[in-house]
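Before any comments, here is the structure.
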Amino acid sequence: MSLVVYNTLSREKEPFEPLDESHVRLYVCGPTVYDYVHIGNARPVVVFDVLYRLLQRRHPKVTYVRNITDIDDRIIVRAAENKESIEALTTRTGAAYQGDMARLGALPPSAEPRATEYVGQMVALIERLVARGHAYAAEGHVLFSVPSMEDYGRLSRRSRDELIAGARVEVAPYKKDPADFVLWKPSTDAQPGWPSPWGRGRPGWHIECSAMSGSLLGETFDIHAGGLDLIFPHHENEIAQSRSAFGHAMMAKYWMHNGFLNISGEKMSKSLGNFFTVHELLDQYPGEAIRLLLLSAHYRQPLDFTHEGLVQAKATLDRWYGALRGKTLAPVAIPQAVEDALSDDINTPLAISALHQLRDPSELKAGANALGLLQQDAEAWFRWTPAAAADGPSDTEIEAAIAARQAARKAKDFKESDRIRDDLKAKGVILEDGPKGTTWKRG
Ligand code: AMP
Ligand code: ZN
């Protein structure tokens, strides 16, 4: 089945027809790194990783760019609070983000640009906008002139009044039109800044993604994605910048947006304080359990986060890994029902229910792999241990105890072999005797 995706631009599902069949180009807006990211931030990373995997199966070349925003006023404030340099902060939190996303089974994108590496390209883009009459300098700032673009607002479909209200910025005196937005702003000596034709300053947020996508994917590309909250103003403004600078009728052909991860019906967010970081959850649950939870709802639907949901996801994976355990797995094609579900606008809940129907362990593994699940060896899965239990016996200690138990059984010292088993059980390690010997799991 060919791929169909919901395009926010048309508000309809459309057949996916890339600009160039042989080279698909995808951009996903990444996080601002000033601390550990929360599990809501991981939702776009995980759902669009499933899309990336599907595109890679069907096209000879896929370039996937997922940026890291490492310049932002929240970063400046946090670095000052922590009494560390901005670079030290963003290097640390950027690396933690990459590590946590890898533990969720997300493939590394083709490029993961940091905004600060592209300031030169941002300045060049702003100069181009000024030269074309789409931007103007005022009091050290450069602003995008919204009235200079005839069809501004097509993505978010907002009325002009809503646009102005939604911009949520005080109408600064240097703005010619209240809807105009910042491309460049001046920096004080204490703030990070770069030289520019308008003085020392730093870029606005939206221009970052126009510069990075333009540099790495081209002036027009196939898919641009991110969370629902980015439709306005971020993506609307990216479109305005890129189309006005490059002079094309489109920036990206398809715009895809994931729904929110909620907690008690409210959007999980740093500002509300109702969040769990991926980093802390990875101490309590395996990465694949978090990934399965994130894929359990369709990406455009809201998804309510609960610990119960993670416990259930882990139980499902325990069952699946249990079915693979000790089996010889043949490389087989991804089951059609799974491919069909994913082809229909990445319908992961339907794909997961198809996995539940599969009886052949080789097919189960192939189907789950399409979702980035069941990626590990079953024995390794059952050895996973929560961080709180990390002071229990090590793998080597457990295996030594199993060997000692084996020796006791051989010598018919069943009292000793039971003692070893009970001792391990008290330490949270469960032994299972099977035809191929003894296996164990932490549980
Ligand atoms: P930010 O660092 O806030 O720009 O967010 C990084 C990415 O996470 C963006 O694609 C956001 O749309 C997305 N995002 C933020 N909060 C949530 C949430 N609660 N649920 C789903 N996606 C989110
Ligand atoms: Zn962006």
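Just so you know, all these numbers are worked out from the coordinates, no wet-lab data involved. Model, not experiment: these values are computed from the prediction. Note that we place each Cβ from the backbone using ideal geometry, even for glycine, and neighbour counts take in every protein chain shown.
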| said: Can you compute the modelled spin-label distance between A387 and A165, with each label point 7 Å from Cα toward Cβ, in nm? | reply: 4.3
| note | In segment 393-434, the trypsin sites (Lys or Arg not before Pro) that sit in a DSSP loop and have at most 12 other Cβ atoms within 10 Å of their own Cβ are K412
| query | How much length is gained on full extension from S85 to Q336, taking 0.36 nm per residue of separation minus their Cα-Cα distance? | reply | 85.2 nm
| task | Using a Förster distance of 25 angstrom, determine the FRET efficiency expected from the C-beta separation of K327 and L107, and round it to 0.05. | result | 0.45
| said: Quick one: 3J(HN,Hα) in Hz for segment 177-188, Karplus 6.51/-1.76/1.60 with θ = phi - 60°, rounded, Gly and Pro as x. | reply: 9, x, 7, 4, 10, 7, 9, 8, 9, x, 10, 7
| Relative contact order (percent) for the chain, with alpha-carbon contacts under 8 angstrom and 6 or more residues of separation? | 17
| request: Determine the calculated [θ] at 222 nm for the chain from helices alone, applying -39500 (n - 2.57) to every DSSP H run no shorter than 4 residues and normalising by the residue count; nearest 500 deg cm²/dmol. | output: -13500 deg cm²/dmol
| field | Hits among aspartates and glutamates - C-alpha to C-alpha of K327 under 20 Å, sequence gap 8 or more where chains match | value | D318, D360, E363, D377, E379, E432, D433
| request: Express in nm, to one decimal, how much length is gained between E308 and A124 on full extension, taking 0.36 nm for each residue of separation and deducting their alpha carbon distance. | output: 61.3 nm
| remark: If R0 = 41 Å, then R74 and L350, at their Cβ-Cβ distance, give a FRET efficiency to the nearest 0.05 of 0.60
| message | Using the crude model of +1 on Lys and Arg Cβ and -1 on Asp and Glu Cβ, and no other charge, please compute the dipole size for segment 206-287 relative to its Cα centre, in debye to 20. | response | 160
| request: Give the distance, in whole Å, between the Cα centre of segment 242-293 and the Cα centre of segment 32-47. | output: 6
| task | Compute log10 of I(q)/I(0) for segment 306-443 with the Debye formula, placing one identical point scatterer on every Cα and leaving out solvent, at q = 0.21 Å⁻¹, to two decimals. | result | -1.21
| remark: FRET efficiency (E280, D413; Cβ distance; R0 41 Å; to 0.05) is 0.40
| remark: Mean separation of Cα contacts under 8 Å (at least 6 apart) over the residue count of segment 122-259, i.e. the relative contact order in percent, is 26
| field | Lys, Arg +1 and Asp, Glu -1 on Cβ, resulting dipole of the chain about Cα centre, debye, nearest 20 | value | 740
| Partners for K61 among lysines (Cα-Cα distance below 30 Å; same-chain residues under 8 apart left out) | K13, K253, K365
| said: How far apart, in nanometres, would the label points at E399 and E379 be if each is projected 7 angstrom from Cα along the Cα-to-Cβ direction? | reply: 0.7
